[in-house]
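Worksheet: one structure, shown below.
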Amino acid sequence: MRSSLDAGGAAPYPRAARPRPWRGSPEGERRRSRLLLARAQQTGATGTAKLNNEVNTIYVSADSASSIPAVQQELTKLLPTAAITDQNDLASQVTGSVGSAASLANNLGKWLSVAVLVAAFGLAILLTMSAVARRVREFGTLKALGWRGGRIVGQVVGESLVIGVVGGAAGVALGYGGAALIDKLATRLSAIVGSSPPTTASGVAARLAQQVGSSATHTVYVTLTAPVTLNAIGLAVVLALAGGLLAGAFGGWRAARLRPAAALRKVEWWSHCVAWTWNSATANGSRSAARPGRASPRCCNCSAGSTAPPGARSSSTART
Amino acid sequence: MSERVVARVRARSIGFVFQAFNLMPMLSAAENVETALAPLGVGGAERRRLILIAALIVIVAIVVGVLIYLRRSRRDRDGRGES
């Protein structure tokens, strides 16, 4: 490599006052590319404006990619204070920024899916709880018939598992559709990376290039993909099953704790009316009172147990 | 008493008479009967056989009851106590 650069950081060159007839010509372009750094820095457009701190980047091109490390080493020796980077750094910076965008998308997706998962689990548990709370009477009947708590829990868990399996299958199908949609509509992130020019500059080891990479740039595309892997599907199904199991266990545990008497006392709002009309019909011997259309306006304005005869309450004699 | 023992007593020794029907609306009539047989440890096939027998008995009872009713009402209409 030409060592004309080693004068770059040396003592100030005497101010150039001599005429430069070659300025502005193609010959001048060629000659200007061989300027010493100190002279380049002292060359101003006018007499007073200096380029003292203006020239701070020098492009150096090597004649082959394999010699870049050697050139870099020599440059470090010649210009110990300069920061020397090469195309690989630039390329890796660009790729790195694209990559960090990709990893950001990945991380965002991961945490988003975790949040959605937690919300879904919570929702499943809440819904199962409310469903079980509405079926307390049913479970009370089962307990009165002699069902053990574990059996009731198993029943609820089984129902939740079936719902989980169906939901998981629907979710996998929906996920397939969504992934296909993303693949179809995917926006491509593009980045323009300057590549090293073709290595035909034989003989010139180091030259002042105007703009490295202006001759040959190539574009890097990062495509947004939604890969569907067997692992992801398996995870989805397992999570759906786990959600069903968890929700069912919670709901079943609450349902199985109740004693049948307590559960059966939680009558639905109309059931004491049924018992009341039945009782009054059998007591009076008239069929008219048993008709719900007649009986309900008289009965159901009452609060449970105030107007209805005491015997009309649902079975509360079973104590354990 | 443990929950297990209580459940056993409820299944084998106590009969509940519900004032409301307390049927499961999503189950068939036979399945509703099965809910009471399940805690007794009766197998599925045996349960269905028992329920079939019970249903036949109930049908026979209904037929007999209707016949008795018809006979009685005819007797009432005719006004002669001949039974």
Residue that is farthest from residue A:157 (Cα to Cα), among those in segment A:114-135 that are surrounded by 15 or more Cβ atoms within 10 Å (Cβ to Cβ) and either hydroxyl-bearing (Ser, Thr, Tyr) or in contact with a Leu (Cβ under 9 Å, 6 or more places away or on another chain) (or both)
A:120
Residues being closer than 13 Å to residue A:62 by Cα and surrounded by fewer than 16 Cβ atoms within 10 Å (Cβ to Cβ): count how many of those fall in segment A:72-84.
2
Taking segment B:24-57 and the residues there that are among the small types (Gly, Ala, Ser) and within 12 Å of another protein chain (Cβ to nearest Cβ), the one that is nearest to the chain's Cα centre (by Cα) would be B:36
Please find, among A:164, A:150, A:177, A:171, the residue that is small (Gly, Ala, Ser), within 14 Å of chain B (Cβ to nearest Cβ) and in a helix (DSSP H, G or I).
A:150
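Which members of segment A:63-113 meet the condition of being hydroxyl-bearing (Ser, Thr, Tyr) and either under 28 Å from residue A:225 (Cβ atoms) or touching a Phe, Trp or Tyr at 6+ places or on another chain (Cβ under 8 Å) (or both)?
Taking segment A:63-113 first, the residues hydroxyl-bearing (Ser, Thr, Tyr) are A:64, A:66-67, A:76, A:81, A:85, A:92, A:95, A:97, A:100, A:103, A:113.
Within segment A:63-113, A:92, A:95, A:97, A:100, A:103, A:113 qualify.
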Take residue B:7 and tell me if it is facing another protein chain (nearest Cβ under 10 Å), under 28 Å from residue A:261 (Cβ atoms) and out of contact with any Phe, Trp or Tyr (no Cβ under 6 Å at 6 or more places or on another chain).
yes
Run residue B:59 past the list (1) more than 30 Å from residue A:143 (Cβ to Cβ); (2) touching a Lys or Arg at 6+ places or on another chain (Cβ under 9 Å) and report the number of the one that doesn't hold.
(2)
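Here, each number is a calculation from the coordinates, and none is a lab measurement. Small disclaimer: the values here were computed from a predicted structure and weren't measured. So basically every Cβ, Gly included, is an ideal-geometry build from the backbone, and we count neighbours across all protein chains shown.
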